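Just below is one structure, and these are the notes that go with it.
The values are calculated or read from the model by the stated rules, or taken from the named source; none is laboratory data. Everything numeric here is computed off the predicted structure, so don't read it as measured data. Using ideal geometry, Cβ is built from the backbone for each residue, glycine included, and neighbour counts are taken over all protein chains shown.
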Amino acid sequence: MAERMMSEFKKYWDEYSLVLALGAVLDPRMKLSRLAYCYSKLDASTCERKLQDVKSKLYMLFDQYSSKSTSSGVHRTIQDQSSSMPLQKSLSDRVFDELKVHHQQLVTETGKSQLDIYLDESNLDFR
């Protein structure tokens, strides 16, 4: 009976949900370190392979997002500059613009992507 249970476990463990794993990494309380811990508890022999799979998919998604946000940002800038009357930005828009500039400077100074910076930050408390 134990062998049958183990074969069922292996069957479903090999087909783990990548979407749930990506969601766990994007949770600032979990990130990769806690996912690695969970994977190692379930099956230490496949932990590294599964983590590498999650990381590669995460970077692939980030690259797609990054390329799309850059191309839409260029279109928005051109559209904003072409308007004849400048729009007055709200305080919250200005604060977010300043935050974006600050974050972009951080990315430029460190040479890391936004995803790398996020993953390097410490995890939030569970409380």
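Overview of results
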{"read-out": "Pairs with Cβ under 7 Å, 6+ apart, first in the stretch 5-19 and touching a residue at least 24 places away in the same chain (Cβ under 8 Å), second among the acidic types (Asp, Glu)", "value": "Trp13/Asp43"}
{"read-out": "Count - residues of the stretch 1-43 that are of a type in the set (A, V, I, L, M, F, W, C) and in contact with a helix residue (DSSP H, G or I) (Cβ under 7 Å, 6 or more places away or on another chain)", "value": "11"}
{"read-out": "Residue check, Leu26 at pLDDT 75 or above and in contact with a Leu (Cβ under 9 Å, 6 or more places away or on another chain)", "value": "yes"}
{"read-out": "Hits in the stretch 31-75 (condition: in contact with a Phe, Trp or Tyr (Cβ under 7 Å, 6 or more places away or on another chain), at pLDDT 90 or above and aliphatic (A, V, I, L, M))", "value": "Leu51"}
{"read-out": "Verdict on Val25 being surrounded by 11 or more Cβ atoms within 10 Å (Cβ to Cβ) and either part of a helix (DSSP H, G or I) or free of Cβ contacts under 8 Å to residues at least 12 places away in the same chain (or both)", "value": "yes"}
{"read-out": "Residue that is modelled with the highest pLDDT, among those in the stretch 76-127 that are β-branched (Val, Ile, Thr) and loosely packed, with under 11 Cβ neighbours inside 10 Å", "value": "Val101"}
